Amino acid sequence: MKVSQVVDTLGKIAPPRLAAEWDNVGLLIGDDEASVGKLLLCIDLTEAVLAEAVAAKAMVMAYHPVIFKPLPRLTAREAPVAYAAARQGLAVYAMHTALDAAPGGTNDVLAGTMGLSDPRPLEPTVSDGGCKVVVFVGPDDVARVADAAFDAGAGHIGHYERCAFFSHGIGTFLGGQGTHPAVGAPGRQEASEELRLEIVVPRSRVAGVCSAVRAAHSYETPAIDVYPLNQAPEGCGMGRVGRLDRPVTVETLVRRVKQAAGLKRALLAADGLTGDGKGKLVSLAACCAGSCGASWRAAHAAGATFYLTGEMRHHDALAAAAAGVTCLCLGHSNSERLALKRLAERLAVLSPRLEVLLSQTDRDPFEIV
């Protein structure tokens, strides 16, 4: 299969549009027309992981972008791993915050380690929803104008096409000297029956749709409005918050998470001001993978008394404990690596011809000793 087909599959699992604005996701290195039979999953593309990929002749899905900020130069000294990957002809894809925000992604897997029931996004994603084009048109012209807009790329909502909304009203106008109104005469106040046609349009197609509408319209000067839209895709967003099936102590919840993550140790900031912080019962908990320490405030606002993340600042931990929120930190990539196994399972279903490998050398750079 081609690299482009793998890219499409990864995009279905975690659409790049869900990524944070500051992030850099998608195919970062490689030829999308190249052939590929294996995909190596890792968190960080290190030299050791790169050697694995070369030996396996595999494309790489590195969760963290190997090229994060724009590179002024691609040299062995300035960007050794990216340079080596390009030189070896490897394709490298990054998912990062797109996988964090997507349903079934990093944060849903992390929520699963706590046993949260029906977790919802802690901070829902709001993304570009394209535009809505509104045009006012006479009853005799409405079908022709709508067809022109559809043919130009308007009216797609999910798996539906030719979607539009019509409402009825009366339009008024006064044509000036030299005008040629389709209804009435210049210099006379006119009123005519009109329909308001509303159609959603991808931002890249707005200009073409407007041109098509003008060409199909019988009015000399059609009234066309363009409104930018935002969307909040269902189940998408950073972090997760949800209830446990039954309340458990902090100690029990910590043990449950460590076992699921395969960790012997983790960092716990418990509220011990009112007694044994580890004995406090938890019924509502939240999580956010990676470096999301500051998001404990969103967890607190949602009513959670336990917050699971990768890492957090010292003063955030102090503030959280003072507010009654117990925080557990697994280590940055330890909180993310859990999602790779689940990703491999989903890829096996969506692309059965693709051999998916989990890196054996990828690991968190820190170890608690």
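The set of residues from region 245-263 being hydrophobic (A, V, I, L, M, F, W, C) and either out of contact with any strand residue (DSSP E or B) (no Cβ under 8 Å at 6 or more places or on another chain) or under 16 Å from Asn107 (Cα atoms) (or both) comprises Val257, Ala260, Ala261, Leu263. Within region 136-164, being within 13 Å of Leu195 (Cα to Cα) and in a loop (DSSP other than H, G, I, E, B) holds for Gly138, Pro139, Asp140, Asp141, Ala164.
Per this entry, Thr106 is counted among residues that are closer than 30 Å to Ala260 by Cα and either β-branched (Val, Ile, Thr) or at pLDDT 95 or above (or both). Screening the candidates Arg342, Arg363, Arg353, Arg346 for the property of being farther than 20 Å from Val254 by Cα, part of a loop (DSSP other than H, G, I, E, B), touching a residue at least 60 places away in the same chain (Cβ under 8 Å) and among the basic types (Lys, Arg) yields one hit, Arg353.
Residues that are of a type in the set (A, V, I, L, M, F, W, C) and exposed (fewer than 14 other Cβ atoms within 10 Å of the Cβ) were ranked within region 195-228; the one that is farthest from Leu281 (Cα to Cα) is Ala215. For region 106-132, a residue qualifies if it is of a type in the set (Val, Ile, Thr) and either assigned to a strand (DSSP E or B) or farther than 26 Å from Ala344 by Cα (or both), and exactly one does: Val126.
Could we say that Leu45 is at pLDDT 95 or above, in a loop (DSSP other than H, G, I, E, B) and crowded, with 23+ Cβ neighbours inside 10 Å here? Yes: the conditions hold for Leu45.
From the list Asp362, Asp276, Asp271, the one residue that fits, being surrounded by fewer than 22 Cβ atoms within 10 Å (Cβ to Cβ), at pLDDT 95 or above and not polar (S, T, N, Q), is Asp362. From the list Ala299, Ala294, the one residue that fits, being in contact with a strand residue (DSSP E or B) (Cβ under 7 Å, 6 or more places away or on another chain) and either in the same structural domain as Thr249 (by TED's automatic domain parsing) or free of Cβ contacts under 8 Å to residues at least 60 places away in the same chain (or both), is Ala299.
The values are calculated or read from the model by the stated rules, or taken from the named source; none is laboratory data. As the structure is a prediction and not an experimental result, all values here were calculated from the model. Reconstructed Cβ throughout: ideal geometry from the backbone, glycine too, with neighbour counts over all protein chains shown.
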